[in-house]
């Protein structure tokens, strides 16, 4: 019996590692990442924000996205909305501070875009940056990939 449990434990451990590796294999190089699994793409003084492929994979099928109002102020590290899935509801934190200049209204009728296209059609907000220096607090794609590996190993 103990031998069977050890084998099952090793098999489960192996499978979890294999699955988690697949979960964050889609990390886009030219983005910055927060440790709360949001990504940011900077274009001049504005930034597009969404949740990562890794995050959406862990959440499961997204059924609702709570969006802030255009004109709202967001602060790096603070929650500005939420993503609700069949598994859980998770806060979405701002990877940068600034003023919301656009929200992805498509998510109201098609929240699953967060799952199917987290880095393109599933973006959540666009922000006018108030402090571009905050980008230095974020991870590049390589560091984020390692962060996900370490997080999933625990």
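Computed from the coordinates by the stated procedures, all read-outs in this text should not be read as laboratory data. Owing to the predicted nature of the structure, the values given are computational and were not obtained by experimental measurement.
If you build the Cα gyration tensor of the stretch 42-106 and take the root of 5 times each eigenvalue, what three semi-axes come out, in whole angstrom, biggest first?
After scaling each eigenvalue by five and taking roots: 21, 12, 11 Å.
Given axes a ≥ b ≥ c from the Cα gyration tensor, I'd like to know whether the stretch 31-147 is rounded (a/c under 1.5), prolate (a/b larger than b/c) or oblate.
Oblate, because a/c is 1.5 or more while a/b does not exceed b/c.
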